[in-house]
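Here, each number is a calculation from the coordinates, and none is a lab measurement. Here the structure is a predicted model, which is why all the values come from computation and not from measurement. Glycine gets a Cβ as well: all are built from the backbone with ideal geometry, and neighbour counts include every protein chain shown.
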């Protein structure tokens with residue numbers, strides 16, 4: 001399972017192993033997962049998006065030109 005490979009990468013980092021000690025072949029998803037655990041990074045940042053509820057909450061915090069002013073409501 002990929003999560004186990006990510007844990008292996010994280011464990012290797014805490015044990016002081018070098019980054020190039022990855023046992024998986026190049027261009028494999030296991031190697032990417034191992035590096036993700038080792039570096040604490042995410043492989044495909046552009047494909048990962050926040051949950052839709054988070055997007056709605058963030059959108060509600062942005063000032064909107066069509067929204068009425070708070071001072072006008074009082």
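In nm, give the distance between the simple-model label positions of residue 39 and residue 15, each being 7 Å from the Cα along the Cα-to-Cβ direction.
Here the answer is 2.1 nm between the modelled labels.
Residue separation times 0.36 nm, minus the C-alpha to C-alpha distance between residue 2 and residue 27: what's the value?
Extra length available between residue 2 and residue 27 comes to 7.5 nm.
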